[in-house]
Amino acid sequence: MIEEERVYYLDNLGFASGVRLHWSTARQQHWLLFPEGALFLNPTAVAILSICDGYRSFTAISQILSSQFCDVDINQVQNLLLQMLKRGLLINKTP
Amino acid sequence: MIDLDLPLTLMAELTYRCPLRCPYCSNPTNYDSSRYRQELTTEYWLKLIKQAANLGVLQLGFTGGEPMLRQDLELMVETATATGIYTTLITAGTLFTKDRAIKLRDCGLDHIQISLQDSQVDKLNYIAGIPSYEQKLTAARLVKQLNFPLTINVVLHRHNLDRIEEILELCKTLEADRVELANTQYYGWALLNRDALLPTLEQLERAKQVVAIAQQEKYFPMGVVYVLPDYYEQYPKPCMGGWGRRTMVIAPNGDVLPCQVAASIPELNFDNVRDHSLEWIWSKSAAFNRFRGTDWMEEPCRSCPRKAVDFGGCRCQALLLTGDATATDPVCHLSPQHHLITKACESGQSHNSSSFRYRDRLNSS
């Protein structure tokens with residue numbers, strides 16, 4: 001598979017154009033909204049995605065999360081970012 | 001009792017008027033009858049958008065016909081933006097002027113879908129029924145210039161499947177973020193033109209390979225969706241993700257439907273937003289409850305382990321082809337009426353017609 005050979009960098013991630021977080025009052029839930037799609041987000045995912053501002057390194061993101069939660073699973077953070085990158089929802093904003 | 005989900009998506013069909021005349025249009029074949037002439041007023045639409053947000057709707061698609069024919073579109077987008085709902089404009093692109101595009105962006109529109117009928121100018125204009133190639137390309141470029149995410153949607157059939165590589169190349173040139181390739185579904189206008197549209201098996205096989213490459217090579221950052229031609233599938237599609245499970249459609253006259261084609265089922269009466277709230281229609285209306293869940297099913301669906309996977313397939317297709325809206329979708333190889341599909345495919349293969357029955361041109365102003 002070609003996709004497996006692709007290298008993804010997890011620094012300076014931010015939302016692609018047309019992707020945004022949304023709090024649904026009716027559902028009392030956080031969602032990620034994007035073209036023709038909506039993903040339900042648990043509190044950890046919200047914490048991770050809301051600090052992806054296009055300027056932070058992966059290390060910086062991990063540090064912020066560690067200061068907010070006592071047991072941050074770095075692999076889990078990495079996996080979420082990777083999934084979002086592969087779907088084109090997060091992009092690398094390195095200038 | 002069925003566990004009732006909240007609706008995720010609202011398709012707002014603002015008008016059935018359209019400058020284009022595509023022979024597979026999803027609007028009802030009687031789109032210009034008196035039933036649809038009386039379009040909902042701005043006031044109603046603004047009220048409905050707020051109701052939809054309160055009901056938990058997350059995605060709102062402005063569609064038609066051509067939604068840009070409504071001069072109050074900007075107001076609707078602005079109202080939706082205030083609720084936080086995600087907004088998509090689904091347009092043919094021919095009326096997408098720079099002035100309105102900027103206004104729509106400033107009102108908070110999230111995403112734009114433009115239809116392309118083909119990759120070549122004469123072929124595209126032939127399907128669209130009017131010269132529109134240049135305008136569509138200009139519109140797509142404008143979408144990108146204004147930093148909207150761009151989806152290009154292409155309806156596939158016998159007359160464009162052989163150019164699928166070229167079509168994908170054009171989408172790449174236009175820097176589409178996302179591409180939807182949807183094989184024609186045969187209802188309404190497309191059913192009238194079925195013999196002229198049905199592709200050959202070889203065309204479909206080749207297209208599948210080309211699409212697989214585009215997906216693997218990540219031509220488009222947000223992906224390529226390929227909607228299979230269900231006539232050639234073993235099982236039917238879970239139409240709309242299940243009847244009354246995710247989607248509401250509001251027709252231009254205010255009728256609320258579980259899918260864009262549901263008006264083709266004559267036994268159903270659709271409640272209108274002039275008489276009831278969206279919440280009432282979603283949870284209480286007879287039309288939304290008619291095929292919800294699995295209790296309404298007959299055999300072979302009733303005892304099928306896939307009944308909660310494909311929900312018996314498409315009700316409109318079952319009715320159009322078998323005359324019975326509760327029948328198993330004949331696309332399913334387990335349907336006792338599956339021979340209807342086999343026969344249609346064979347008949348499509350032996351025809352080589354390209355004479356279409358077009359939508360008549362309804363005034364587009």
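The values are calculated or read from the model by the stated rules, or taken from the named source; none is laboratory data. Since we're looking at a predicted model, the values are computed, not measured. So basically every Cβ, Gly included, is an ideal-geometry build from the backbone, and we count neighbours across all protein chains shown. To get the accessible areas, we keep the full protein, side chains included, count just its heavy atoms, and leave off ligands, DNA and RNA. Shrake-Rupley method; radii C 1.70, N 1.55, O 1.52, S 1.80 Å.
Quick notes on this structure:
- Among the residues of the stretch B:263-280, not a single one is at pLDDT below 90, touching an Asp or Glu at 6+ places or on another chain (Cβ under 8 Å) and in a loop (DSSP other than H, G, I, E, B).
- Complete set of residues in the stretch B:172-182 that are closer than 18 Å to A:Glu36 by Cα and either assigned to a helix (DSSP H, G or I) or not acidic (Asp, Glu) (or both): B:Ala176, B:Arg178, B:Val179, B:Leu181, B:Ala182
- Residue in the stretch B:137-147 that is modelled with pLDDT of 95 or more, buried (at least 16 other Cβ atoms within 10 Å of the Cβ) and closer than 23 Å to B:Gln203 by Cα present: no
- Any pair with Cβ under 9 angstrom, 6 or more apart, that starts in the stretch B:4-17 at a residue that is of a type in the set (Ser, Thr, Tyr) and ends at one that is open to solvent by 10 Å² or more (accessible area, probe 1.4 Å) and assigned to a strand (DSSP E or B): B:Thr9/A:Ala38; B:Thr9/B:Gln59; B:Thr9/B:Thr247
- Criterion: more than 14 Å from chain A (Cβ to nearest Cβ) and surrounded by fewer than 18 Cβ atoms within 10 Å (Cβ to Cβ) - qualifying residue of B:Lys218, B:Lys237, B:Lys208: B:Lys208
- Any hit, the stretch B:112-131, residues being open to solvent by 10 Å² or more (accessible area, probe 1.4 Å), in contact with a Gly (Cβ under 6 Å, 6 or more places away or on another chain) and at pLDDT 95 or above: no
- Verdict on B:Asp195 being open to solvent by 10 Å² or more (accessible area, probe 1.4 Å) and modelled with pLDDT under 90: yes
- Within the stretch B:44-55, the set of residues being over 13 Å from B:Glu78 (Cα atoms) and open to solvent by 40 Å² or more (accessible area, probe 1.4 Å) comprises B:Tyr44, B:Gln51, B:Asn54.
- Qualifying residue in the stretch B:84-97 (condition: within 14 Å of chain A (Cβ to nearest Cβ), surrounded by 20 or more Cβ atoms within 10 Å (Cβ to Cβ), over 19 Å from the mean Cα position of the chain (by Cα) and in contact (Cβ under 8 Å) with a residue 24 or more places away in the chain): yes
- Matching residues, the stretch A:25-35, being open to solvent by 20 Å² or more (accessible area, probe 1.4 Å), within 7 Å of chain B (Cβ to nearest Cβ) and in a loop (DSSP other than H, G, I, E, B): A:Ala26, A:Arg27
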